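*Asks:* Supplied in structure tokens, the structure appears directly below.
The values are calculated or read from the model by the stated rules, or taken from the named source; none is laboratory data. Here the structure is a predicted model, which means the values were calculated and not measured. Here the Cβ positions follow ideal geometry from the backbone for every residue, glycine too, while neighbour counts run over all protein chains shown. Calculation scope for accessible area: heavy atoms of the full protein, side chains included, ligands and nucleic acids excluded. Shrake-Rupley method; radii C 1.70, N 1.55, O 1.52, S 1.80 Å.
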Amino acid sequence: MNGGQVLFGIFALLTCGGAVAVALTQNVVRMAFWLIVSLGSASGLFFLLNADFVGATQLLIYVGGTVVLLIFGVMLTTSGPLLKIPSSPGELIQSAVVGVLFISMFFFTVWSVDWEHVANTARVHDSTTDTVALQNDTTGRPIGMAFLGVRPDRDLGAAEGQPLSTGYFLPFEIVSMHLLVVLIGAAYLARAKRQITTAESRSEVV
Amino acid sequence: MEGVDLKLFLLVGAVLFVCGVICMTSKRNGIGVLIGVELVLNAANLNFVAFSRYTPLGLDGQIMALFVIVLAAAEAAVALAIALNFYNNHLTIDVDRADELRG
Amino acid sequence: MTFEVLLNQVIGETLTVSICRFGPELIVSATILVLLLNRLFGIDRWVAPYWTTLIGCMIALGYATNQYLLLQQGTLPAGEYFTGLMMFDGFTVFLRIFLLLFLILVTVLTVLSGIPDLEDGPDFYTLLLGSTIGMMIMSGANHLLMLFIGIEMTSVPSYAMVGFLKGRRQSSEAALKYVVYGAGAAGVMLYGISLIAGMLGTGDMPLIAERIGQLTGTASNFESPLVRTLMLAIVMVFVGLSFKLSLVPFHFWCPDAFEGASAEVAGYLSVASKAAAFGLLIRFCLALTGTIEGAASSPIYLFLGLAIGFVAMVTATFGNLAAYAQTNVKRLLAYSTIAHAGYMLMAVAAMMVLLNAPSGAGLTSFERQELAAKSIEGLLFYLVVYLFMNLGAFAIVALIRNEIYSEEISDYKGLARQTPVLCVCMVICLVSLIGIPPMAGFFGKLFVFASVFQSAKVHWAMWVVFLVGAINTVFSLYYYLQVLKTMFLDERPEGARTIDIPLNPSGWYVIFVTAPLLLLILCTEQLTQTARTVAAGLFL
Amino acid sequence: MMTTLAASTLAEFMNGYVSPELALMLAALFHAGVLLLVFAHAALIFIWLERKVSGRIQDRLGPTRCGGRFGWAQGLADGIKLIQKEDLIPRDADAFLFRLAPYLACIASFGGFMVLPFAADWVAVNLDTGLFLLFAILSLEVLGIVLAGYSSGSKWSLFGGMREAAQMVSYEIPLAICGLIPIVAAGTLNLTDVGQMQVGHFGNWFLFHDPFTFFAFFVYFTVATAGCKRAPFDLAEAESELVGGFHTEYSGMRWSYFFMAEYASMLLVSGVATLLFLGGWSTGLPFIDQPIFVDLKSWNPGIGPEGFVLGSYISNLIGMSVFLLKSSFLVFVQIWVRWTFPRLRIDQVMTTCLKYLVPMSCFLFLGATMWPLLMAMGKGQKTTIWPQPLGDRTVQVHEHVLHPINEPKIQIADRGEQTVDFSETPVIAKEAILTEAMHSPSEQGIQP
């Protein structure tokens, strides 16, 4: 057993354990806490997979942003300090059935696939990946390049004039538009209505 | 990752997914349901990153995961604003009490 | 290729090709910025937000129309742009024009019915425009990431729009239900996308078609875990798409969201998000089966087509049956929307079945594609008709709501005497929704059923779909006529609010929207011709 | 992915005795212990400093009883007192979360030290995305505080926690943007590289790189002070209105964990400021930097185990002292500020951030990205007010000073000898290549 396996074991257990605890807990603040554990350990798994940029983003945006937002939401929407809304036994049984069904389906499908074969098949037919593979462990710079639409990691070895590999310039830019729109929407929903007499403002518009 | 099979990562992802789905179906607190959604999205992210390491998906997997993180944050912002608005109108966040619209 | 060459190539392609093809979306984005800047500098006191929106949309519509004309002339070739993330072809441009036209009509309606007041105007129109950008991206997505981003960009602003009347209890409840279910469906879909991308090592849709063939190879039944996993992933993606299309069993948000939201928003969602989702569904289906001539089509896809047909059948039946019991007009229209999504899905099912006809069916690959294109043509025609009839119905509901403050069917009693214009227009819309001959709705249904009929020659199960579709049309007669009966034959009760909409701008607007339902019969040929070229472009 | 720099030498040393994995783990544990000591002592020393400084500012002596005239043992005495105190948990509290919250806050601010280089070779984890991860970890501290506020079951705590959440989430934005401004100049997120670039003349410090980084430093420092919830931004624990804010219900050791976290994160943000703007471990005087950080590195009189270079050790030790001195000075300034300015109101805190600091930092960031382009267009490649262009300096740093781990991260293009002919490339491409070359430490630079 090497260090990587040990670390994987720890992080995987924490991730799964946190997720199971989220599903079983009824107190919503504790759910948020276990979510932190689960997502934080998942970012550990990302680091193990050499995706340090994704791991750090997960910590910054997911754990440090989204979960804080969730806890903030909990604080604003619970009237008692530690409110529990317990699920009914029927719901619990129903969800347990769903869970068992999904997990068994997983073993029936994804688990029994020969992934080595799948990866090799795709690799054989992928002419671009082999040219300049990601030999180094660092992903920050290639990811940044891909956001600008340039894929030196794939295209440098290709012949001139070939169609370019997928760059992510468009989503990178358009997501900013999405964030703006969403921000406006969320701000609208969350703010109290300002007290302006509509008649007055209406008269000012030609 | 030497010595760890891709399947193990996929298994962790599947556990996250199942827990998320259970959360979505069983929780009555609106924010609890949203927490379940976050778990499901994270399961997909774990898949993406694991695939990016083990299959020719390569860097694209990581990039997709990054976009998913950002989109999930945006979705959570709107969902919380809506939950807050619901609370202001109904003085509860229990989704089972949202039963005025029925037919 | 050195780095400089690569960089130059990327910059060159982005500036000369991609940006131009992405023009309409960019113009709409710019409109959002102008809207917000106007508020920041107080300009919106002089230039109302809807003017900005309307002007922006008009420019975008003009640009898109120009793109269409250039595309027809062949000066602007179809093809991928933004390094293969998006697809530019007749289908994309057609849907763009469709969405922008609809956006303009909805904006005018919101101005007439006054749904956002002046203070909230910029917020509302920002959400409306943002959601439309998402739909336009959906219609041109050529990559699984863009598929997901498009769906998110469409959905998240619509959640906020459904909850736009934030002081209303029903509105906030509808928004909560919509967002909770929507986010769940998006999550499930994303998990499916991750599996597909991982198995095939790519997210690029044309590549997906190629790789699936290479991967599954001879294994064409469910014995192979590979095929099972792939099917699981595809089903998960379909869950997300079905949610957007409000197909059974993912329809439950639809009536609640429509009842809680204002009629304008409900009308917008019922048409625009359906159109975009159908665009995406067709692209995804084509990505699965492949459009390459002579590619071996596996029986799995035939099965998939039949499954879609089954869902379509159930959806149409359920929508129509559930509509019987409704007392609220918006809820009734919501179930009618579900039913119509079922009809339109039948065309997609027919396309899948025809495209993957087994070799025993006696169709050459060219004939297959031609017949499949024919079913898409029918779907596009249906969508155009559906735009006018559904928008008309929702507009009338919104205008009547402004007068009598109610959306219950029982409060519509005897309205025909008081506001004949609206009621006659309502007759046209509803009769067209049923699909009775002189109205345009009839032709839409005719084309869709014709393609289902064609596909029935390939597989007997499509006969069932065809029959159920036909029976459903008869079913639907009852509840639509119920509304008309209430409006025309019942007496207006004593003490009920009176309503008086003479031929003011609102009346003209409704006439303008419903008139095409009657006039389309005159130019059916042109519209089908356009739809035909657009659909054929998908198979080039 | 991770190169545990500091641990690797120790692990190599132990390699002969135990298995390699175990050696690495033991070395990692040892260094974690060392970091923990820094973490704990920082709190001890800064609490004493705070008392002394506040005393002097208020024209009194401060602690004098413990440890003679300077009261140096005051922190120790405080610690002993806190350990002895009873650990109370309110009846209404969620005991599980109440107990865990202080540790969560502590872990977050301790975790930040993981990627903070104390000297050229002394960093626990040398990550390519160091600064990014550091900000990510810093943003986690708020979770502990919010959970503490919520689980206490007291309204003061709840208000404190909510204020803290709102404040932290808002101030993270300008913090990250200001942190990125020197990064634009450096072209790497790796903190060791950033530090190494500033060795030599103090004109090399990113503070003096261009006007935007100069102002960014002050914005960063303001925001960082708020990020550590220090006065005048300490609304989460404003005793005049919220008793003690989020830690009202805490006592004894658990209470002191919050303070350890606070002082540690003060040191952390000051350390980041030092690294990003104030030259890291360099003294700013070339005639000292040259012998210490360049010449001394290879001096090895043959003491110690194989692979151990004494000169490098001493050089790093001096570097760390310089670094800690600079950081401590910034911590002192934070204390100074606390006792000088009145506390803001919560709405003023939010307005300051969202209306002034965020636009300001955005403007500075835009300016910082435009600056190299302007310079490139105006005067060739010269991007600094000091005579030596940054591009050359970067290359120089990488060729002469840096150790092998900073080999090119990804070979973007093999531009070795060839000179780039700009006559045919479009203007935008030209600029992009220029900025790329100037900002990428892994590049060879362009021969003009």
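*Asks:* Whole-Hz Karplus ³J(HN,Hα) for region C:348-353, in order, using 6.51 cos²θ - 1.76 cosθ + 1.60 and θ = phi - 60°, x for Gly and Pro?
*Replies:* Calculated HN-Hα couplings, in order: 5, 4, 4, 4, 4, 5 Hz.
*Asks:* On the protein heavy atoms, probe 1.4 angstrom, tell me the percent of accessible surface of region D:62-155 carried by carbon and sulfur.
*Replies:* 63 percent
*Asks:* May I pose another question? Please work out the Cα center distance from region D:142-186 to region D:45-100, rounded to the nearest Å.
*Replies:* 24 Å
*Asks:* Using only Cα atoms, figure out Rg for the protein assembly as shown and give it as a multiple of 2.2 N^0.38 Å.
*Replies:* 0.96
*Asks:* Hey, another quick one. Using the Kirkwood formula over every pair of different C-alpha atoms, what hydrodynamic radius in Å results for region C:1-258?
*Replies:* 20.4 Å
*Asks:* Which ³J(HN,Hα) values, rounded to whole Hz and listed in residue order, are derived for region C:255-272 from phi using the Karplus coefficients 6.51, -1.76 and 1.60 in 6.51 cos²θ - 1.76 cosθ + 1.60 with θ = phi - 60°, glycine and proline given as x?
*Replies:* Karplus-based 3J(HN,Hα) across region C:255-272 equals x, 5, 5, 5, 5, x, 6, 6, 4, 4, 5, 4, x, 4, 5, 5, 9, 5 Hz.
*Asks:* For D:Met370, what accessible surface area do you get with a 1.4 Å probe? Give it in Å², rounded to 10.
*Replies:* Ignoring ligands and nucleic acids, D:Met370 comes out at about 100 Å².
*Asks:* For chain C, what number results from the quotient of the Cα radius of gyration and 2.2 N^0.38 Å?
*Replies:* Output field value: 0.96.
*Asks:* Something else about it: Do any of C:Lys244/C:Lys413; B:Lys27/C:Lys330; C:Lys445/C:Lys485; C:Lys166/C:Lys244; C:Lys374/C:Lys413 go past 31 Å between their Cα atoms, and which?
*Replies:* In this structure, C:Lys244/C:Lys413; C:Lys374/C:Lys413 exceed 31 Å between Cα atoms.
*Asks:* Just tell me how shielded C:200-211 is by partners: mean number of partner chain Cβ atoms within 10 Å of each residue's Cβ, no decimals.
*Replies:* The mean count of partner-chain Cβ atoms within 10 Å per residue comes to 5.
*Asks:* Evaluate the Kirkwood expression for the hydrodynamic radius of region C:355-503, namely the inverse of the mean inverse distance over all pairs of different C-alpha atoms, and round to one decimal in Å.
*Replies:* This gives a value of 17.6 Å.
*Asks:* So how do D:147-156, C:316-325, D:284-293 stack up, highest first, on mean other-Cβ count within 10 Å?
*Replies:* D:147-156, C:316-325, D:284-293
*Asks:* OK, next. How big is the accessible area of D:Ile314 in square angstrom, nearest 10, if you roll a 1.4 angstrom probe over the protein chains?
*Replies:* 60 Å²
*Asks:* Something else about it: Quick one: which residues, 5 or more positions from B:Asn29 or on another chain, have an amide H under 5 Å from its amide H? H modelled 1.01 Å from N in the peptide plane, none for Pro or chain starts.
*Replies:* B:Val95
*Asks:* For region C:469-540, what size does the Cα cloud have along each of its three principal axes, sorted from largest down, in whole Å?
*Replies:* 63, 37, 20
*Asks:* Hey, another quick one. Over the Cα atoms of region D:90-385, what is the Rg over Rh ratio if Rh follows Kirkwood?
*Replies:* 1.03
*Asks:* Could I ask something else about it? Ignoring ligands, DNA and RNA, what accessible area per residue does region C:370-488 give at 1.4 Å, in Å²?
*Replies:* I get 33 Å² per residue for this part.
*Asks:* Moving on. Return the equivalent ellipsoid semi-axes of region C:66-117 as a descending list in whole Å, where each equals the square root of 5 times an eigenvalue of the C-alpha gyration tensor.
*Replies:* So the equivalent ellipsoid measures 31, 13, 7 Å along its semi-axes.
*Asks:* A follow-up question, please. Using the Karplus equation 6.51 cos²θ - 1.76 cosθ + 1.60 (θ = phi - 60°), what ³J(HN,Hα) coupling, rounded to whole Hz, does each residue of region C:517-534 give in order, writing x for Gly and Pro?
*Replies:* Each residue of region C:517-534 in turn: 5, 8, 7, 4, 4, 6, 10, 4, 4, 4, 5, 5, 4, 4, 4, 5, 5, 4 Hz.
*Asks:* Oh, and also: For region D:198-294, just the Cα set please: Rg and Dmax, both in angstrom.
*Replies:* When restricted to Cα atoms, region D:198-294 yields Rg and Dmax of 18.2, 55 Å.
*Asks:* If amide hydrogens are placed 1.01 Å from N in the peptide plane, which non-local residues have theirs closer than 5 Å to the one on C:Asn328?
*Replies:* So C:Asn328 has HN proximity to C:Ile409.
*Asks:* To the nearest 500 deg cm²/dmol, what mean residue ellipticity at 222 nm is calculated for chain C from DSSP H runs of n ≥ 4 alone, each contributing -39,500 (n - 2.57), summed and divided by the residues?
*Replies:* Taken over chain C, the calculation gives -25000 deg cm²/dmol.
*Asks:* For region C:142-253, what is the Kirkwood hydrodynamic radius in Å, using each pair of distinct C-alpha atoms?
*Replies:* Radius from the Kirkwood sum: 15.4 Å.
*Asks:* Quick one: the Cα spread of region B:21-92 along its three principal axes, in angstroms, biggest first?
*Replies:* Taking the Cα atoms of region B:21-92, the three principal extents are 50, 23, 8 Å.
*Asks:* Another question, then. Give me, ordered by chain and number, the residues 5 or more places off D:Gly284 or on other chains with an amide H under 5 Å from its own placed amide H.
*Replies:* D:Gly200
*Asks:* Let me know the Rg and Dmax you get for region A:1-112 when you use only its Cα atoms, in Å.
*Replies:* Taking only Cα atoms of region A:1-112, I get Rg and Dmax of 16.6, 50 Å.
*Asks:* Here's something else I'd like to know. Evaluate 2.2 N^0.38 Å with N set to the residue count of region C:400-458, then give the Cα radius of gyration divided by it.
*Replies:* Against the empirical 2.2 N^0.38 Å value, I get 1.64 for region C:400-458.
*Asks:* Using only the heavy atoms of the protein chains and a 1.4 Å probe, how would C:Ile212, D:Ile177, D:Ile45 rank by accessible area, largest first?
*Replies:* If we order C:Ile212, D:Ile177, D:Ile45 from most to least accessible, we get D:Ile45, D:Ile177, C:Ile212.
*Asks:* Here's something else I'd like to know. What figure, in Å² to the nearest 10, do you get for the accessible area of D:Ser157 with a 1.4 Å probe and non-protein molecules left out?
*Replies:* The accessible area comes out at roughly 0 Å².
*Asks:* Which shape class applies to region C:63-215: rounded if a/c is under 1.5, otherwise prolate when a/b exceeds b/c and oblate if not, where a ≥ b ≥ c are the square roots of the Cα gyration tensor eigenvalues?
*Replies:* Oblate.
*Asks:* Could you tell me the ratio Rg/Rh of region C:425-500? Both radii from Cα atoms, Rh via Kirkwood.
*Replies:* 1.20
*Asks:* Mind checking the mean number of beta-carbon atoms from other chains within 10 Å of the Cβ atoms in C:148-161?
*Replies:* Mean number of neighbouring Cβ atoms from other chains: 6.
*Asks:* Continuing with this model, one more query. For peptide C:227-236, how many partner chain Cβ atoms fall within 10 Å of a residue's Cβ, on average?
*Replies:* Rounded to a whole number, the mean comes out at 3.
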